[in-house]
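No lab work stands behind these numbers, since they all come straight from the coordinates. Remember, it's a predicted structure, so these values are computed and weren't measured experimentally. Note that we place each Cβ from the backbone using ideal geometry, even for glycine, and neighbour counts take in every protein chain shown.
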Amino acid sequence: MSKVVTASIIKAELKNLILDLKQDKTDLGKKEMEKLLKAEENILEIEKKIKETKDQYKKETSELEIKLELKRLGVEIYTEEKRELIQQIEKQIETLNGLNTISKDDKKKINALEKDKSTLETQINMAKTMLQEIGGQITEEEAKNLILKKLYVLINQELERYLNAEKRSLIAGIEKLWDKYFISSHDLEKERNKTLQELNGYLKGLGYLG
């Protein structure tokens, strides 16, 4: 079974090659080490950009989810749900802090819960601003229009799919008839000449042609 080459394996091999080349004091060895060091630098830079992009994607995805909830529920219902979650978290923290002995795992749970609570509080504080950014809560009329647009798109897609299937079927039928009945101009010319020769033979036999 072939070994899967990962970024970690490539970086490890690269480091080993650089360590080996450090022992090589020749000009060629120094040049090769410079190339490898540059390659290592480029890999680290690419990994940094990938991490930044992932973090940005995660942040924007989270914001989009919040905006969708706000658009659907409005500020009051949205913040009410978040406050209920905060109350549940506070009860869990209180229970953990009330234990006679707080273990390392308990401390980790408390820290995680505190982090969740802080995130929810931030979302509550940002709710009004975010709702303004997206034009307020969706109205009943806007919801109807969106549903109708969605239905239109779905129906249009189905019609396109059906028409394309019918087109393919029609084209296939025409191609089948073409293959069955098609006669080339060369064959037609040959058939015409043959018919003329036969006709001329009859005419000669009847004495109409010399």
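Cross-linked pairs 59/82; 59/117; 82/115; 71/128; 11/59: Cα-Cα separations exceed 21 Å for 11/59.
For the stretch 8-75 versus the stretch 78-130, the inter-centroid distance based on Cα atoms is 34 Å. Axis of helix 7-22 versus longest Cα principal axis of the chain: the two differ by about 80°, to the nearest ten degrees.
Rounded to the nearest 10 degrees, the angle from helix 185-206 to the longest Cα principal axis of the chain is 10 degrees.
Per-residue packing, averaged as other Cβ atoms within 10 Å, sorts the ranges 73-85, 152-164 into the order 73-85, 152-164, beginning with the highest.
Only one residue of 97, 14, 66 has its Cα farthest out toward the positive end of the dipole of the chain, where Lys and Arg carry +1 and Asp and Glu -1 on Cβ, and that residue is 14.
If only the Cβ of Lys and Arg carry +1 and only the Cβ of Asp and Glu carry -1, the dipole of the chain around its Cα centre is close to 660 debye.
Look at (1) 36.3; (2) 14.5; (3) 18.0: the one that is mean projected area of the Cα convex hull in nm² derived from this structure is (1). A cut-off of 5 Å between modelled amide H atoms, ignoring neighbours fewer than 5 places along the same chain, links residue 137 with no other residue. Return one number: the angle in degrees, 0 to 90 and rounded to the nearest 10, between the long axis of the Cα atoms of helix 27-73 and the longest principal axis of the Cα atoms of the chain. Around 90 degrees separate the two axes.
Charge tally around residue 65: other residues with Cβ under 14 Å, Lys/Arg +1 each, Asp/Glu -1 each, net +2. Couplings 3J(HN,Hα) of the stretch 84-94, computed from phi: 5, 5, 5, 4, 5, 5, 4, 5, 5, 5, 4 Hz, in residue order, whole Hz [Karplus 6.51 cos²θ - 1.76 cosθ + 1.60, θ = phi - 60°; x for Gly and Pro].
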